[in-house]
1. Check ASP309, ASP291 and return the single one that is of a type in the set (Asp, Glu), buried (at least 16 other Cβ atoms within 10 Å of the Cβ) and more than 30 Å from ALA53 (Cα to Cα).
2. From the list GLU371, GLU335, exactly one residue is surrounded by 21 or more Cβ atoms within 10 Å (Cβ to Cβ) and under 21 Å from GLY95 (Cβ atoms). Which is it?
3. Please state which one of ALA196, ALA188, ALA229 is in contact with a Pro (Cβ under 6 Å, 6 or more places away or on another chain), surrounded by fewer than 18 Cβ atoms within 10 Å (Cβ to Cβ) and either at pLDDT 95 or above or at negative phi (or both).
4. Which one is nearest to LEU64 (Cα to Cα), of the residues in segment 350-368 that are surrounded by fewer than 21 Cβ atoms within 10 Å (Cβ to Cβ) and touching a residue at least 60 places away in the same chain (Cβ under 8 Å)?
5. So, in segment 162-208, of the ones that are polar (S, T, N, Q) and part of a loop (DSSP other than H, G, I, E, B), which residue ends up farthest from the chain's Cα centre (by Cα)?
6. State yes or no: is PRO206 at pLDDT below 95 and farther than 30 Å from THR333 by Cα?
7. Which one is farthest from THR168 (Cα to Cα), of the residues in segment 356-384 that are in a strand (DSSP E or B) and in contact with a Ser or Thr (Cβ under 6 Å, 6 or more places away or on another chain)?
8. Considering only segment 88-130, state which residues are assigned to a strand (DSSP E or B), under 30 Å from ASP364 (Cβ atoms) and either among the β-branched types (Val, Ile, Thr) or without any contact (Cβ under 8 Å) to a residue 24 or more places away in the chain (or both).
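The values are calculated or read from the model by the stated rules, or taken from the named source; none is laboratory data. Worth saying up front: this structure is predicted, and the values here are computed from it rather than measured. Cβ placement follows ideal geometry from the backbone for every residue including glycine, while neighbour counts extend to all protein chains displayed.
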Amino acid sequence: MLTSKTLVPALAAFLLAAPAAYADATQSERIEAKTGAEEPVFEGSIVGTYQGASDSRINEEASLRPELFVTLPVPGAGGELHVHIEGTTTPRVNGVTSFLGNSNTNVGTATNGAGHGRLQLSELFYEFELGSVGLSAGLIDTSAFIDTSAFANDERTQFMNSSLVHNTTIEFPDYTLGLVLTTQGEGAIPGFTFLAASTSGLGDNPSHSYPDLFDVRSTGKGLFGAVEAGWGLEGLGEEGALRLGVWTNTADHAYVDLRPGTTTNHGVYGVLEGTAAGNGWSLRAGAADEDASAAEWYFGAAVQRQLTDEVLIGLGVTETGVNEDLGAGFSDTTEAEIYVKYDVLPYLNLTPSVQWVRNPGFDDTGAVVDEDNWVYGLRVAFAM
């Protein structure tokens with residue numbers, strides 16, 4: 001079992017070995033440096049979080065999430081090999097994320113079949129470009145390629161609540177084998193993302209084992225596929241963009257109304273974002289198949305403002321509509337979060353946050369946890 005005492009020494013060595021130049025680089029500079037890099041690029045981070053809740057039945061929870069990202073150029077063939085090594089501490093029994101599952105996207109991202117934290121290889125994929133077409137193939141994070149946002153997408157530096165990181169109606173698999181094809185848009189012609197992956201991700205299999213990743217033909221498993229079209233909208237500011245997509249998950253799903261047999265899940269989604277009066281803003285919406293999904297529809301809104309060179313504030317709210325076939329005792333879930341990120345140093349930031357969650361997991365009875373919960377937290381992020 002991995003704990004904070006075992007993870008920190010194990011990961012500190014490779015973090016301190018990362019090139020010092022990246023400590024002072026901005027995120028855009030890091031991305032530019034990785035693109036077409038002729039030498040290996042190393043980036044590392046450790047994110048620590050602490051959260052408590054207003055319901056006395058919920059235990060406070062602390063976590064650590066160390067990560068290493070490596071980009072390796074491939075001589076001769078061109079392109080790059082991307083490696084992502086990740087660890088997390090074991091989620092606390094009856095902790096905040098046990099009852100309020102969306103409250104911290106940093107918790108439990110790397111666990112074994114028993115739910116204990118571990119160090120794992122999360123991504124390993126090859127990426128290359130041929131003209132205006134890009135191709136990525138291997139062990140991937142499907143949520144990194146679609147439903148993205150400049151202002152509500154990164155649980156390490158932005159919102160921690162997962163409903164403000166991704167659309168809750170999209171049934172993403174965990175880290176999984178997949179293929180992504182992208183094309184660049186120009187003017188009124190959109191850029192496209194075509195994604196095909198196994199629904200049997202690393203964390204989706206009971207054992208959380210790598211051999212099970214390749215067992216894609218077992219009964220019940222299927223294909224996660226998505227097509228997204230994206231337009232840049234200069235009239236909405238520097239980050240102005242519209243993205244519209246459809247997705248499907250063909251794994252076997254029980255019917256929400258408990259009728260006999262199985263079905264598949266599919267849905268639609270959209271992201272609209274831009275900048276105005278010094279604020280970055282993002283709107284998300286989506287819907288899923290009412291036969292297969294407890295979450296029938298979703299809407300989210302987020303705004304971000306840079307108050308000073310060191311201080312960034314974000315505010316967001318989401319509503320996830322419950323499937324009425326679940327019956328009595330279930331209602332729509334509302335989640336909101338406000339955070340203030342303070343850059344203490346170029347490679348160290350502190351982020352206090354407050355969340356409000358109504359009807360967690362659609363449960364409106366209050367029998368397990370209160371219908372209304374406040375979550376207070378602190379995130380400490382060290383990046384190089």
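1. Details: ASP309 fails: buried (at least 16 other Cβ atoms within 10 Å of the Cβ).
The conditions single out ASP291.
2. Only one candidate passes the filter, namely GLU335.
3. On the way: ALA196 fails: in contact with a Pro (Cβ under 6 Å, 6 or more places away or on another chain); ALA188 fails: in contact with a Pro (Cβ under 6 Å, 6 or more places away or on another chain).
None of the others qualify; the one that does is ALA229.
4. Here the residue is GLY361.
5. Looking only at segment 162-208, we keep the residues that are polar (S, T, N, Q), and these are 162-163, 167-169, 176, 182-184, 193, 198-200, 205, 207.
Cutting the leftovers down to part of a loop (DSSP other than H, G, I, E, B) gives us 167-169, 184, 199-200, 205, 207.
Working: ASN167: 10, THR168: 11, THR169: 13, GLN184: 23, THR199: 16, SER200: 17, ASN205: 19, SER207: 22 Å.
By that ranking, first place goes to GLN184.
6. Details: at pLDDT below 95: yes; farther than 30 Å from THR333 by Cα: no.
No, not satisfied.
7. Our first condition is that a residue be in a strand (DSSP E or B); within segment 356-384, this holds for 356-358, 363, 372-383.
Then keep just the ones that are in contact with a Ser or Thr (Cβ under 6 Å, 6 or more places away or on another chain); that gives 358, 373-375, 377, 379, 383.
Values: ARG358: 15, ASN373: 19, TRP374: 20, VAL375: 19, GLY377: 22, ARG379: 23, ALA383: 28 Å.
The extreme case among them is ALA383.
8. First, the residues of segment 88-130 that are assigned to a strand (DSSP E or B): 95, 111, 117, 119-130.
With the extra rule that they be under 30 Å from ASP364 (Cβ atoms), the set shrinks to 95, 111.
Result: THR111, single match.
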